[in-house]
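Report on the following structure.
The values are calculated or read from the model by the stated rules, or taken from the named source; none is laboratory data. Model, not experiment: these values are computed from the prediction. Here the Cβ positions follow ideal geometry from the backbone for every residue, glycine too, while neighbour counts run over all protein chains shown. With ligands, DNA and RNA removed, areas are computed over all heavy atoms of the protein, side chains included. Shrake-Rupley method; radii C 1.70, N 1.55, O 1.52, S 1.80 Å.
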Amino acid sequence: MTAAPVDPTATPAWERLTALEDGFAPDLRAWFADDPERPGRLTFPAADLLVDLSKSLVDDEVLAALLALADEVGVAERRDAMLRGERINVTEDRAVLHTALRRPAGAALEVDGHDVVADVHEVLQRVYAFADQVRDGTWTGATGERIRSVVNIGIGGSDLGPVMAYEALAPYRQDGLECRFLSNIDPTDAATTLAGLDPAATLFIVSSKTFGTLETLTNARLCRQWLLDGLGHEAGSDAAVDAVAKHFVAVSTALDKVAEFGIDPANAFGFWDWVGGRYSLDSAIGTSLAIAVGPERFAELLAGFHAMDEHFRTAEPARNVPLLMGLLNVWYTNFLGAETHAVLPYSQLLHRFPAYLQQLTMESNGKGVRWDGSPATTETGEVFWGEPGTNGQHAFYQLIHQGTRLVPADFIAFANPAYPLTDDHDGHRTDVHELFLANFLAQTRALAFGRTAEEVRAEGTDEAVVPARVFTGNRPTASIMAPALTPSVLGQLVALYEHITFVQGVVWGIDSFDQWGVELGKQLAKEVGPALSGDADALAEQDGSTRALIAYYQEHRRR
Ligand code: F6P
């Protein structure tokens, strides 16, 4: 039995935070000027990451009250319950053990009398062996051709993690072996993903925790048909069965359904109901990535995840980075009125990282009831969003700098570029990565310290435009740096955000591991489908707006 959630708003720490918020007048210029130790005091190592929280909108009193809040709602107890394998996913009655996916071999974890880490490594070894066979060409297609293209078919957590990591680790990919990712049920996605591929050299990985997801199964059938058409085999023939066995593998917790689909169970990689979809990149769901970057790099990724897990488990609260960042988000959301949170990687390789984080954070903490079914007592999950710098600077940063809303932002940057390039220009050599990092540093400075009217005037600005050129500053940022975007560092970054999300969920008393909010739309799509296809009874069941939209569709659809 999991403990009832503590109402955060009824804790002494909340009362203290409410009092501190009243009249809170952050002044990062003064805070930095008066306290030269602030950057040092608020910068923390976490595994290989260096996390500078000194440009946050907190003073020592607020920070102390936030740490007290974590204590009073029992963050550490619930973290330990999660790590032990207790069923803290209450509404689905499941353990939450993504951290077991990255425990080193031999680091046994008994859940219900069973060592789950042994299971994890048994599957990992199979994934690695398979990845090696594809990489070295011993796994061939039905015609004996080497695999040159891998298509991961999956959606949500069965897509976003693999594609994000595939992009992030581009410099580590094996030449001559391309991965593509097919997720959307928009037929455009299947058509464009398959365009130009050679069926004889293409391997499909059907990735679905439940193996019941409409998009994934539809796309898997489309791909199977494309394969058989391409190879010239009749569906159901022996040659077709053999082709599917050579060109289709699956990753799922529902191995019975995998077999029903026609995929040989020998070519299926399992995982477990205690891995949430959005927490599954480091399970067999990462098979496409393991093929792309190889088992050794994949193992480094897992080690990175584990290093951050260990930091979260063992670091004292005042130096525990996921805890501190989660608490800061609570402060911004519940006390300072922030509704969104930007994640701005200064790394083009991380261009899918914000999209990945959207599922992680918003599917986890976008809830209005607590884990005992009672209503949430305060605002919960923020809207996460972002784009890589510097592109974002020329698009939406205006609002972050001068808009009327508070947008806390995480900046992520690396000391070393994946592709070191120099710009030889007018007799100077410029390290382009340095230009890039100068922007990262400049933006966080501008956001924190702004520019006063006097400073604007001192630049000789026409008085009429002085107000428009003032920057208020005091716009909070966290700066996350690492030596380079290696597989291990990527694992650390993902685990950091997993644990930040966890901390916020515990404070709010919500089950961060279910996702009932996605179900109603799926159910209604099944009901509305027949109405679209002309079923009069199904049409009559629809509301007036939906009926009118269907009428428009039927009038304009060309057959
Ligand atoms: O509909 C939401 C969701 O259940 C996500 O949580 C999950 O990652 C995604 O669908 C895909 O589910 P599956 O891996 O079972 O196909």
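Is it the case that Gly304 is surrounded by 23 or more Cβ atoms within 10 Å (Cβ to Cβ) and outside the structural domain of Ser283 (by TED's automatic domain parsing)? Steps first, please.
Working: surrounded by 23 or more Cβ atoms within 10 Å (Cβ to Cβ): yes; outside the structural domain of Ser283 (by TED's automatic domain parsing): yes.
Considered against the rule, which asks whether it is surrounded by 23 or more Cβ atoms within 10 Å (Cβ to Cβ) and outside the structural domain of Ser283 (by TED's automatic domain parsing), Gly304 comes out as yes.
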Problem - Criterion (at pLDDT 95 or above, closer than 18 Å to Ile480 by Cβ and in contact with a helix residue (DSSP H, G or I) (Cβ under 9 Å, 6 or more places away or on another chain)) met by exactly one of Ala342, Ala338 - result: Ala342
Handout entry: Residue in the stretch 120-129 that is more than 16 Å from the ligand (Cβ to nearest atom), touching a residue at least 12 places away in the same chain (Cβ under 8 Å), on the phi < 0 side of the Ramachandran plot and open to solvent by less than 10 Å² (accessible area, probe 1.4 Å) present
Key = yes
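Please work out which residue is surrounded by the fewest Cβ atoms within 10 Å (Cβ to Cβ), limiting yourself to the stretch 487-539 and to residues that are among the polar types (S, T, N, Q) and part of a helix (DSSP H, G or I).
Pass one, the stretch 487-539, residues among the polar types (S, T, N, Q): 488, 492, 501, 504, 512, 515, 523, 533.
This time we only want the ones that are part of a helix (DSSP H, G or I), so: 488, 492, 501, 504, 523.
Working: Ser488: 23, Gln492: 25, Thr501: 27, Gln504: 26, Gln523: 9.
Per the stated criteria, the residue is Gln523.
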Fill in the blank from the handout: Per the filter on the stretch 35-66, residues surrounded by fewer than 19 Cβ atoms within 10 Å (Cβ to Cβ), in contact (Cβ under 8 Å) with a residue 60 or more places away in the chain and of a type in the set (A, V, I, L, M, F, W, C) are Phe44, Leu50
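Residue-by-condition table, conditions (1) buried (at least 16 other Cβ atoms within 10 Å of the Cβ); (2) within 29 Å of Phe353 (Cα to Cα):
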| site | (1), (2) |
| --- | --- |
| Gln398 | no, yes |
| Asn416 | no, yes |
| Thr422 | no, yes |
| Asp431 | no, yes |
| Ala442 | no, yes |
| Ala458 | no, no |
| Val470 | yes, no |
| Ser479 | yes, yes |
| Leu485 | yes, yes |
Practice task
Working only within the stretch 159-202, note down all residues that are away from the ligand (no atom under 16 Å from the Cβ), among the hydrophobic types (A, V, I, L, M, F, W, C) and open to solvent by 60 Å² or more (accessible area, probe 1.4 Å).
Solution key: Ala191
Exercise for the section: Would you confirm whether any residue within the stretch 453-470 is in a loop (DSSP other than H, G, I, E, B) and touching an Asp or Glu at 6+ places or on another chain (Cβ under 9 Å)? Expected result: yes
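Is at least one residue of the stretch 363-373 without any contact (Cβ under 8 Å) to a residue 12 or more places away in the chain and out of contact with any strand residue (DSSP E or B) (no Cβ under 9 Å at 6 or more places or on another chain)? Write out each step before concluding.
Narrowing the stretch 363-373 to residues without any contact (Cβ under 8 Å) to a residue 12 or more places away in the chain: 373.
Cutting the leftovers down to out of contact with any strand residue (DSSP E or B) (no Cβ under 9 Å at 6 or more places or on another chain) gives us 373.
Yes, some residue in the stretch 363-373 is without any contact (Cβ under 8 Å) to a residue 12 or more places away in the chain and out of contact with any strand residue (DSSP E or B) (no Cβ under 9 Å at 6 or more places or on another chain).
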Fill in the blank from the handout: Within the stretch 130-158, the residues that are open to solvent by less than 50 Å² (accessible area, probe 1.4 Å) and within 16 Å of the ligand (Cβ to nearest atom) are Val151, Asn152, Ile153, Gly154, Gly156, Gly157, Ser158
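Assigned by TED's automatic domain parsing to the domain that holds Asp60, open to solvent by 40 Å² or more (accessible area, probe 1.4 Å) and either away from the ligand (no atom under 16 Å from the Cβ) or outside any loop (DSSP other than H, G, I, E, B) (or both), is that true of Gly373? Can you show your working first?
Values: assigned by TED's automatic domain parsing to the domain that holds Asp60: yes; open to solvent by 40 Å² or more (accessible area, probe 1.4 Å): yes; either away from the ligand (no atom under 16 Å from the Cβ) or outside any loop (DSSP other than H, G, I, E, B) (or both): yes.
So Gly373 fits the description; yes.
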Problem - Cβ-Cβ under 8 Å pairs, at least 6 apart or on other chains, the stretch 272-292 side open to solvent by less than 10 Å² (accessible area, probe 1.4 Å), far side among the small types (Gly, Ala, Ser) and more than 14 Å from the ligand (Cβ to nearest atom) - result: Leu281/Ala165; Asp282/Gly491; Gly286/Ala165; Thr287/Ala131; Leu289/Ala165; Ala290/Ala131; Ile291/Ala131
Practice task
Read through the list (1) assigned by TED's automatic domain parsing to the domain that holds Thr202; (2) basic (Lys, Arg); (3) in contact with a Leu (Cβ under 9 Å, 6 or more places away or on another chain); (4) open to solvent by 60 Å² or more (accessible area, probe 1.4 Å), then give the number of the only condition that Arg84 fails.
Solution key: (1)
Completion exercise
Checking Phe312, Phe261 in turn, the sole residue that is away from the ligand (no atom under 16 Å from the Cβ) and not small (Gly, Ala, Ser) turns out to be Phe312
